[in-house]
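The structure appears right after this line, and notes come after that.
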Amino acid sequence: MTDAQTLMNTLADGVLASQTIATLMDSGVIVGAHPFRLQPASLDLTLSPRAWRVRASFLPSRARTVAARLADGLAMQEIDLSAGAVFERGCVYLVELNERLALPEGLEGAANPKSSTGRIDVFVRLVTDHGAAFDEIPAGYEGPLYAEISPRTFSILARAGSSLNQLRLKYGEYRLDDAALRLLNEASPLVEGAADIAGGLGLSVALRAGDGLVGWRARRHSALIDVDKVGALDAQEFFEPIAAPASGFIILDPDEFYILASKEALAVPPDYAAEMTPISPGLGEFRVHYAGFFDPGFGWSGTGANGSRGVLEVRSHDAPFVLEDGQLVARLVYEKMSARPERLYGEAVKSNYQGQGLKLSKHFR
């Protein structure tokens, strides 16, 4: 029996913790990954030197590989990322990742952009061979991984080894229904005050602030963002600050990008992870999107004081839309962990957003 099979026989239902992911790396289930890329409940994926500018976003479909679809004429130009390359806003790129998978049956994967990626309005989605959906890896998948990258507002500079998205692995039944979520909230409060639980934990937008700043709106035609440089940029060269409106609402302009924050200060207890999901499109002409994963320990102190607000990456659709203070904008779905991570978010792990309020990405001073 292989190490991976032995592990699967002892695995509890839930999202895999960092120490379990490390065991899968050692046993050959995950190839090409580095231990320093581990987060409490996920693995940061990295770009390989090989990339393509493509004509359009695409999925290979269940009958095709990514390579076969590129050979159909979708690839416009192959790009070498060894020394870095510019990804222009408004264009679509596909990059082969350094990591490969050989998942056992019963173990599935999911991906999402990293927080720092979403906060600079870069749309990143995972693609697999024979994939019929973005960011989903079926149980038993064996093969390469690719990242589709589409900067929306800012052009970016990235290189081989840069990390723009992350992988989570899940086994069995892991998602909490509303009844289980209510019990968890009673035992360990997930927000300050009353919790809105209906299809997940409701998040509302904060548009009144004591310091006068409630958000940021992206400026167009800004300079290049190097995704690997931390604290290098002046925020006001890339974003326009939004003062708290006297009216209690702002109007989202079509196809503009905003950074806002939730009213609620959140906590994710150590034995759980959470994922932000958009609310029904019927509730508004906007989308809260991109980076929506919260590691175990996010905002959690063990004392009942929740100190990390959800940062909301908001884009309006085709029509201007009024967004009011306290309006429901997203829901958090909680998932149980298969095991408690050896290190929680914010504990001896590089955690850029623990204790955050309204915070831009790590690239800004």
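Scan the range 112-127 for residues that are assigned to a strand (DSSP E or B) and either acidic (Asp, Glu) or touching a helix residue (DSSP H, G or I) at 6+ places or on another chain (Cβ under 7 Å) (or both) and the total you get is 2. Screening Asp234 against (1) among the acidic types (Asp, Glu); (2) surrounded by 20 or more Cβ atoms within 10 Å (Cβ to Cβ); (3) modelled with pLDDT of 95 or more leaves a single unmet condition, (2). Criterion applied to Asp121, Asp129, Asp72 was being of a type in the set (D, E, K, R) and without any contact (Cβ under 8 Å) to a residue 12 or more places away in the chain, and the one residue passing it is Asp72.
Going through (1) surrounded by fewer than 19 Cβ atoms within 10 Å (Cβ to Cβ); (2) modelled with pLDDT of 95 or more one by one, His221 falls short only on (2). Residues in the range 268-308 that are modelled with pLDDT of 90 or more and among the charged types (D, E, K, R): 3 in all. Need the failing condition index for Pro35 against (1) free of Cβ contacts under 8 Å to residues at least 60 places away in the same chain; (2) closer than 18 Å to Arg340 by Cα; (3) in contact with a strand residue (DSSP E or B) (Cβ under 9 Å, 6 or more places away or on another chain); (4) not aromatic (Phe, Trp, Tyr), just the number. Failed condition: (3). Annotation note: of Gly193, Gly200, Gly215, the sole residue that is of a type in the set (Gly, Ala, Ser) and open to solvent by 40 Å² or more (accessible area, probe 1.4 Å) is Gly193. Restricted to the range 94-111, and to residues that are out of contact with any Lys or Arg (no Cβ under 8 Å at 6 or more places or on another chain) and in a strand (DSSP E or B), which residue is nearest to Leu38 (Cα to Cα)? Filtering first and then ranking leaves Glu99. Whether any residue in the range 314-328 is surrounded by 21 or more Cβ atoms within 10 Å (Cβ to Cβ), within 24 Å of Asp135 (Cβ to Cβ), among the polar types (S, T, N, Q) and modelled with pLDDT of 75 or more is what I want to check. The answer is no; no qualifying residue exists.
The number of residues in the range 122-154 being open to solvent by 30 Å² or more (accessible area, probe 1.4 Å) and either of a type outside the set (Asp, Glu) or in contact with a Phe, Trp or Tyr (Cβ under 8 Å, 6 or more places away or on another chain) (or both) comes to 9. Put simply, of Val214, Val227 the only residue that is β-branched (Val, Ile, Thr), out of contact with any Cys (no Cβ under 7 Å at 6 or more places or on another chain), more than 29 Å from Gly84 (Cα to Cα) and in contact (Cβ under 8 Å) with a residue 60 or more places away in the chain is Val214.
The values are calculated or read from the model by the stated rules, or taken from the named source; none is laboratory data. If you're wondering where the values come from, they're calculated on a predicted model, not measured in any experiment. Cβ atoms come from the backbone with ideal geometry, glycine included; neighbour counts cover every protein chain shown. Surface accessibility is based on the protein's heavy atoms, side chains included, excluding ligands, DNA and RNA. Shrake-Rupley method; radii C 1.70, N 1.55, O 1.52, S 1.80 Å.
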